[in-house]
Amino acid sequence: MNDKYKIIGPLYDFLAMIFSAGQIDKCKTAMHGYIKPDDKVLFAGVGQGIDAIGAAELGAEVTVVDLSESMLNILDKRTRGRYFTHPIRRVHQDILKFDEYHQYDVVYANFFLNVFEKNMVTKVLEHLSKLAKKGGHVVVGDFSLPSGGPVSKLFQNIYWYIADIIFVVMAKNAFHPVYDYQTQMKQLGLEITDVKYLQFLFDDRYYSIRAQKG
Ligand SMILES: C[S@@+](CC[C@H](N)C(=O)[O-])C[C@H]1O[C@@H](n2cnc3c(N)ncnc32)[C@H](O)[C@@H]1O
């Protein structure tokens, strides 16, 4: 499997920390207050996995899926020697080939959907929604849609494009404007039940959207 995160992967969480003064990490765990022990929780495109580790610490039965072996190896290193009620299950696979449908209480897509071209985002979101149980939830954490006045929006767009261009070059991610995940989730029949915003440099920069599957 082609590992597009081989070079940038080991630096990913460090860069995110610097770029957002820690707000990206907070965004990834913003909805963890809803996790209950023994919940089945899936992290799609998990990366280094601080969010997955946080869920395992809360007693959830965590499965992580990622295409990048180097990202998964970092997650392994971070959890080596640690005890969780349910050991984290690691799956090295394309999420679109992962077909454990209707199994998960919560499916997370943290800073994951933004790697795809626009036409793929709906397809991937729909797939993630199928992996959740009836009544289960999908959580999307990502850059929030630019809002406020024109100057504010311009600054938010510049901020996004700096990150996007780095990942277009380093990991062949798609080049695109900030996606409107809330609208896409609603169009797929998911009901938005909570949205938490994270601020940086005087504006909303990131949000975590929790939506329920009917
Ligand atoms: C931008 S990183 C985000 C990582 C992590 N969720 C975080 O917030 O730090 C995107 C991750 O998605 C993984 N990825 C990209 N396409 C994938 C796919 N089709 N299936 C599974 N993982 C994928 C990449 O290997 C990478 O680890």
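Which ³J(HN,Hα) values, rounded to whole Hz and listed in residue order, are derived for the stretch 7-17 from phi using the Karplus coefficients 6.51, -1.76 and 1.60 in 6.51 cos²θ - 1.76 cosθ + 1.60 with θ = phi - 60°, glycine and proline given as x?
Each residue of the stretch 7-17 in turn: 7, 7, x, x, 8, 3, 5, 5, 4, 4, 5 Hz.
Using each residue's phi in the stretch 204-214, evaluate 6.51 cos²θ - 1.76 cosθ + 1.60 at θ = phi - 60° and report the 3J(HN,Hα) Karplus result to the nearest Hz, with x for Gly and Pro.
Once rounded to whole Hz, the list reads 5, 10, 9, 8, 10, 10, 10, 9, 9, 8, x.
Output the pairs from LYS36/LYS77; LYS77/LYS134; LYS6/LYS186 with a Cα-Cα distance over 32 Å in this structure; if there are none, say none. Present the calculation step by step, with values, prior to reporting the outcome.
Values: LYS36/LYS77 25 Å; LYS77/LYS134 34 Å; LYS6/LYS186 34 Å.
LYS77/LYS134; LYS6/LYS186, as the Cα separations exceed 32 Å there.
Please give me, ordered by residue number, the chymotrypsin sites (Phe, Trp or Tyr not before Pro) of the stretch 182-214 that lie in loop per DSSP and have at most 10 other Cβ atoms within 10 Å.
Numbers: sites: TYR197, PHE200, PHE202, TYR206, TYR207; in loops: PHE202.
Sites meeting the loop and neighbour criteria: PHE202.
For the stretch 93-214, what is the percent of antiparallel DSSP beta bridges, rounded to the nearest 5?
Taking every DSSP beta bridge with both residues in the stretch 93-214, the antiparallel ones total about 75 percent.
What FRET efficiency, computed as 1/(1 + (r/R0)^6) with R0 = 22 Å and r the Cβ-Cβ distance, is obtained for PHE175 and GLU126, rounded to the nearest 0.05?
Details: r = 23 Å, r/R0 = 1.04.
For PHE175 and GLU126, the calculated efficiency is 0.45.
Which residue, LEU190, LEU201, LEU113, has the most motion in a Gaussian network model of the chain that connects Cα atoms within less than 10 Å?
LEU201
If you take every DSSP beta bridge whose two residues both sit in the stretch 9-212, what share of them, in percent to the nearest 5, is antiparallel? Display every interim value, and only then the final one.
Details: 16 of 34 bridges.
Expressed as a percentage, antiparallel bridges in the stretch 9-212 total about 45.
Once the piece of chain linking VAL168 and TYR34 is laid out straight, how much longer is it, given 0.36 nm per residue of separation minus the C-alpha distance between them?
Stretched fully, the VAL168-TYR34 segment lengthens by 44.9 nm.
Report the FRET efficiency, 1/(1 + (r/R0)^6), for LYS118 and ASP76, where r is their Cβ-Cβ distance and R0 is 22 Å, rounded to 0.05. Don't jump to the answer; show the numbers that get you there.
Working: r = 33 Å, r/R0 = 1.50.
Efficiency, from the Cβ-Cβ distance: 0.10.
With a cut-off of at most 15 other beta carbons within 10 Å, and DSSP calling the residue loop, which trypsin sites (Lys or Arg not before Pro) in the stretch 34-110 qualify? Please list them. Each step should come with its number before you reach the end.
Values: sites: LYS40, LYS77, ARG78, ARG80, ARG82, ARG89, ARG90, LYS97; in loops: ARG80, ARG82.
Sparse-neighbourhood loop trypsin sites (Lys or Arg not before Pro): ARG80, ARG82.
Mind listing which GluC sites (Glu not before Pro) in the stretch 64-159 are in a DSSP loop and have 16 or fewer other Cβ atoms within 10 Å? Before the final figure, lay out each step's value.
Values: sites: GLU69, GLU100, GLU117, GLU126; in loops: GLU100, GLU117.
Passing sites in the stretch 64-159 are GLU100, GLU117.
Whole-Hz ³J(HN,Hα) for each residue in the stretch 133-140, computed from phi via Karplus 6.51 cos²θ - 1.76 cosθ + 1.60 with θ = phi - 60°, x for glycine and proline: what do you get?
In residue order, the calculated couplings are 5, 4, x, x, 10, 10, 10, 10 Hz.
Amide H of ILE192: which non-local residues (sequence gap of 5 or more, or other chain) have their own amide H closer than 5 Å, using H built in the peptide plane?
Result for ILE192 returns GLN212.
Every read-out reported here was derived from the displayed coordinates using simple, explicitly stated rules and does not represent laboratory data. In this text, all values refer to a predicted model and were calculated from it rather than measured experimentally. Quick reminder, even Gly has a Cβ in these numbers, built from the backbone with ideal geometry, and neighbours come from all protein chains shown.
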